[in-house]
Amino acid sequence: QKEVEQNSGPLSVPEGAIASLNCTYSDRGSQSFFWYRQYSGKSPELIMFIYSNGDKEDGRFTAQLNKASQYVSLLIRDSQPSDSATYLCAVNKYIIGNNDMRFGAGTRLTVKP
Amino acid sequence: DTEVTQTPKHLVMGMTNKKSLKCEQHMGHRAMYWYKQKAKKPPELMFVYSYEKLSINESVPSRFSPECPNSSLLNLHLHALQPEDSALYLCASSQALAKNIQYFGAGTRLSVL
């Protein structure tokens, strides 16, 4: 079982629709959760982070965390062509001063005009 | 300011060369990271420095040698690399805290001939 699993996609949505990206993780001791956006040939860019169960909203983005189900999701409302990228889910575990972050394989999102 | 600066942006080297990648941040972060990313794959953690001490080494071959001269700088020394080491090398930094919000540099695209 992979530590962090994502559907690789590609996920295709029309412009203006809601894109839903999902991620599951295996380590119940994980404490912080992140979504990064990565355009082709570029470095990952932090989009959202969440630590507590529930929803966290920032503009068009909503992150959802359910620790009991070991599940994290990212909703993108009013999707734009510029949202077309690979979205990486990352899960962090902190152990006595050290952080160990693991990435999922990423979901490729295409937003069609 | 969430800037992490990596130099050079591109590097081509032969298998007998010695070169270094550099990373710098001025956010007061006390944890710095090296990742390797191959095409269409997620970043893979290589090394973690926490308070200038190497805290995680993910069984990386000795031809990669990290160095953290001070809290703002991180180097990756390269020697006798193989063509399969060609990849995007990413540096990131974070506060050395449990929440571990990591910010990435733009990366160095390395080609080994």
- How many residues are open to solvent by less than 10 Å² (accessible area, probe 1.4 Å) and among the hydrophobic types (A, V, I, L, M, F, W, C) if we restrict to segment B:18-45? 5
- Message: Can you say whether A:ALA63 is among the hydrophobic types (A, V, I, L, M, F, W, C), within 14 Å of chain B (Cβ to nearest Cβ) and farther than 22 Å from B:GLY107 by Cα, as far as the supplied structure shows?
- Response: yes
- Task: Please work out which residue is farthest from A:TYR25 (Cα to Cα), limiting yourself to segment A:80-113 and to residues that are of a type in the set (A, V, I, L, M) and part of a loop (DSSP other than H, G, I, E, B).
- Result: A:ILE96
- In the set A:ILE18, A:ILE50, which member is open to solvent by 60 Å² or more (accessible area, probe 1.4 Å), in contact (Cβ under 8 Å) with a residue 12 or more places away in the chain and among the hydrophobic types (A, V, I, L, M, F, W, C)? A:ILE18
- Item | Candidates A:SER84, A:SER8, A:SER30, A:SER40 - the one that is over 10 Å from the mean Cα position of the chain (by Cα), open to solvent by less than 60 Å² (accessible area, probe 1.4 Å) and modelled with pLDDT under 95 | A:SER30
- Query: Looking only at segment B:53-94, which residues are over 11 Å from the mean Cα position of the chain (by Cα), part of a strand (DSSP E or B) and within 14 Å of chain A (Cβ to nearest Cβ)?
  - Reply: B:LYS53, B:LEU54, B:SER55, B:ILE56, B:ASN57, B:ALA87, B:SER94
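The values are calculated or read from the model by the stated rules, or taken from the named source; none is laboratory data. Bear in mind that the values here come from a model prediction, so they are computed numbers and not experimental data. Cβ coordinates were reconstructed from backbone atoms using ideal geometry, including for glycine residues, and neighbour counts include every protein chain displayed. All accessible areas refer to the heavy atoms of the entire protein, side chains included, with ligands and DNA or RNA removed. Shrake-Rupley method; radii C 1.70, N 1.55, O 1.52, S 1.80 Å.
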